[in-house]
Amino acid sequence: MERMLACRVGDLDLLLPFEGMERLVPWFDVEYSGDRVRWGDEEIPFIRLDECLGFPGQDPALDAGIAILQIHDETMALLADRFLGLVEVDPEFSFRVPLNWVLGHPGLPYRAFHMVEDRMVPEVAPFHLLVRDPWEEDWPVVRGKIQDAPGRYLAVTVDGISAAVPLEAVEHVVDSEVLIRLPGLPKTILGILQLQGRPIPVAPPLPNSTSAVAIVVLRCSGGLFGLTVDDTHGMVELSSQEEDQEQEADQETPPLLGGCDLLALDPLGNTAFTLDPERIWAALG
């Protein structure tokens, strides 16, 4: 078990790493100027969690407090609306942000998602909050040759686009109402899904996609993740293209996350875009 410090910012509960904690200070006991706080004989970075997470800026309440943390030899002050005390989390039921996420989104404000009393609570990554303007990266799309990968797939619809994912990678299909949306996530992560007592990330398949009817939970080498879709249509058998593949390669393909390939959908012969869970997972970072 790991001890974490729970706090509240707006209507969001958060966890702070306890191993780097130096002290909790009432808001009215500190001297601050701009983005610096006087701490002992030095001035340290001052971070308002509400502003970092996009909550409306307002004067702190009387019971607001500041956590003094030391992370990577950097001492910093984090302002929260309220501190709720210590909690214990079980790392076995946590989702820790992979290294490629950190490298791809250096300002991502979360470093893990933990289960606390049967609900998911994100853990703040304080050092990342010092990085500005982190979520303006281009939508990651992979362009490649058409893959000849016939087999059984789950047919889905994404914004009117017929697509399919390998049936062997499908773990569950759940209603999108269970999706937990959090501020500050990169555009490739729509929210977090609590599934069987574990938090997993959920990705939108298209840029600027914010709505969905269902979530298809897929397994890849990195673990489980969810993909939002408008509808599912059951299992289909896909065969390789019978038409000229070079001609098909010139066909415009949608900017689906991780890129997509083309196959023919039997028995009607309609063209379907197939998605690779491994490429989607790689694109999340």
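May I ask you to list the residues in region 50-96 that are among the polar types (S, T, N, Q) and open to solvent by 80 Å² or more (accessible area, probe 1.4 Å)?
Those that are among the polar types (S, T, N, Q) and open to solvent by 80 Å² or more (accessible area, probe 1.4 Å): 58, 70.
For region 152-168: of the residues being touching a Leu at 6+ places or on another chain (Cβ under 9 Å) and over 20 Å from residue 254 (Cβ atoms), which is least open to solvent (accessible area, probe 1.4 Å)?
It comes out as 167.
Looking only at residues in region 99-118 that are at pLDDT 90 or above and open to solvent by 20 Å² or more (accessible area, probe 1.4 Å), which one is nearest to residue 194 (Cα to Cα)?
Residue satisfying both the conditions and the ranking: 115.
So residue 63 passes all but one of these: (1) assigned to a strand (DSSP E or B); (2) among the charged types (D, E, K, R); (3) at pLDDT below 85. Which condition number does it fail?
It fails just one condition, (1).
Just the residues that are in contact (Cβ under 8 Å) with a residue 24 or more places away in the chain, crowded, with 16+ Cβ neighbours inside 10 Å and small (Gly, Ala, Ser), please, taken from region 183-221.
Result: 184, 203, 209, 212, 214.
How about region 79-120: which of its residues are of a type in the set (Gly, Ala, Ser) and in a strand (DSSP E or B)?
Of everything in region 79-120, those that are of a type in the set (Gly, Ala, Ser) and in a strand (DSSP E or B) turn out to be 80, 85, 112.
Take region 12-40 and flag every residue that is in contact with a helix residue (DSSP H, G or I) (Cβ under 9 Å, 6 or more places away or on another chain) and more than 15 Å from residue 84 (Cα to Cα).
If the condition is that a residue be in contact with a helix residue (DSSP H, G or I) (Cβ under 9 Å, 6 or more places away or on another chain) and more than 15 Å from residue 84 (Cα to Cα), then 20 is the only one that fits.
When only residues in region 20-49 that are outside any strand (DSSP E or B) and hydrophobic (A, V, I, L, M, F, W, C) count, which is least open to solvent (accessible area, probe 1.4 Å)?
49
The values are calculated or read from the model by the stated rules, or taken from the named source; none is laboratory data. For clarity, every value in this text was computed on a predicted model and none was experimentally measured. FYI the Cβ positions are ideal-geometry reconstructions off the backbone, even for glycines, and counts take in every protein chain you see. We work out accessible area using only protein heavy atoms, side chains counted, and drop any ligands, DNA or RNA first. Shrake-Rupley method; radii C 1.70, N 1.55, O 1.52, S 1.80 Å.
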